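Since the structure comes first, as structure tokens, the remarks are kept for the end.
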Amino acid sequence: MSLDDLLLDYNDAGASDLMFDSILGNENATLESTEQISSRSLKILAKRKMLRVAQQEKLKEIVTECPLPGEQIHVVSANKFDFWTWVPVMIDWLGVTENLYCSTWTANRQGVVDLFKIWDDGKIVGRVNFVTGLYFKRRETSVYATLVEGLLKRGGRYKAFETHAKVLLLKNEARNAWLTVEGSANLTGNPRLEQYVVTNDQSLYEFHRDWFEEALVFETKLPWGGKIEKNESHTGRST
């Protein structure tokens, strides 16, 4: 039986998810969790710019430079770019990013392929940390397999749980750049109006980074009542 056949057979939740994780070489099945992060809030003062991206214009032609420290840029787009487009644009601003955090409900193959190319080209010098909704794992199984295999091969981290947040984090401390993008779009191509806020603020960056870190070390609940112990490397033993 081919991998594609297995992917079609194991789309549902429960023990089949564990079997799918085993296909990816992760017998401890630590990639999915039923836990949820703790609620939190942050208030910051920021200088704001409002920009409208017309349908015929591309992101890099409208947002031409990195926001200054303490500055926010608000963007409304008209279906000419998706959430992933921010990553190469921001890396062009920074030269390199020391790491990348990404949260999306779902993703497409092109974004995943582009991520690994940027990483392999040395433009992401640290680790990629990726979280998605459970929908992505169970309904975009081929893209999921590509993403998880590529992340684990390169030392990245991944967790699927009940999330609908769309957040990107990049930083380059030498350039005093702590970039957060919050938006309505997923990492997919969408013919829809979407909104984004890109902020250069260390406190906001760390605010979001903290809940990413909480999510990435969730315990994994097993169907038979056991669990995988929390740990940084996402390997553990069932109890």
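Return a yes/no flag: does segment 151-170 have any residue that is among the β-branched types (V, I, T), surrounded by fewer than 22 Cβ atoms within 10 Å (Cβ to Cβ) and within 22 Å of L59 (Cβ to Cβ). Scanning segment 151-170, I find at least one residue that is among the β-branched types (V, I, T), surrounded by fewer than 22 Cβ atoms within 10 Å (Cβ to Cβ) and within 22 Å of L59 (Cβ to Cβ), so the answer is yes.
Conditions (1) outside any helix (DSSP H, G or I); (2) within 17 Å of T104 (Cα to Cα); (3) within 15 Å of the chain's Cα centre (by Cα), marked per residue:
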position: W119; (1), (2), (3): no, no, yes
position: R138; (1), (2), (3): no, yes, no
position: T146; (1), (2), (3): no, yes, yes
position: L152; (1), (2), (3): no, no, yes
position: K159; (1), (2), (3): yes, yes, yes
position: L170; (1), (2), (3): yes, yes, yes
position: G189; (1), (2), (3): yes, yes, no
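The rows are residues; the columns are (1) modelled with pLDDT under 90; (2) surrounded by 16 or more Cβ atoms within 10 Å (Cβ to Cβ).
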residue: N176; (1), (2): no, no
residue: L179; (1), (2): no, yes
residue: L187; (1), (2): yes, yes
residue: E194; (1), (2): yes, yes
residue: V198; (1), (2): no, yes
residue: D210; (1), (2): no, no
residue: E213; (1), (2): no, no
residue: T220; (1), (2): yes, yes
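For segment 72-99, enumerate the residues that are in a helix (DSSP H, G or I), among the hydrophobic types (A, V, I, L, M, F, W, C) and closer than 25 Å to Y158 by Cα. Passing the criteria: F83, W84, W86, V87, V89, M90, I91, L94. Exactly one residue out of V96, V89 is at pLDDT 95 or above and either among the basic types (K, R) or under 18 Å from the mean Cα position of the chain (by Cα) (or both): that is V96.
For H74, the requirement of being farther than 15 Å from L31 by Cβ and within 17 Å of the chain's Cα centre (by Cα) is not met. For a quick check of your reading of the model, give me the residue pairs whose first member lies in segment 71-90 and is in contact (Cβ under 8 Å) with a residue 24 or more places away in the chain and hydroxyl-bearing (S, T, Y), whose second is surrounded by fewer than 16 Cβ atoms within 10 Å (Cβ to Cβ) and in a strand (DSSP E or B), with beta-carbon atoms closer than 7 Å and at least 6 apart or on different chains. Partner pairs satisfying both residue conditions: S77/L193. Looking at segment 114-144, which of its residues are buried (at least 22 other Cβ atoms within 10 Å of the Cβ) and of a type in the set (D, E, K, R)? Listed by number, the list holds a single entry, K137. Residues that are without any contact (Cβ under 8 Å) to a residue 60 or more places away in the chain, closer than 25 Å to E206 by Cα and out of contact with any helix residue (DSSP H, G or I) (no Cβ under 9 Å at 6 or more places or on another chain) within segment 132-163 comprise G133, G155, listed in sequence order. Is at least one residue of segment 94-105 of a type outside the set (S, T, Y) and in contact with a Ser or Thr (Cβ under 8 Å, 6 or more places away or on another chain)? Checked against the condition, which is being of a type outside the set (S, T, Y) and in contact with a Ser or Thr (Cβ under 8 Å, 6 or more places away or on another chain), segment 94-105 yields at least one hit.
The values are calculated or read from the model by the stated rules, or taken from the named source; none is laboratory data. Model, not experiment: these values are computed from the prediction. Every residue, glycine among them, receives a Cβ derived from its backbone with ideal geometry; neighbour counts consider all protein chains shown.
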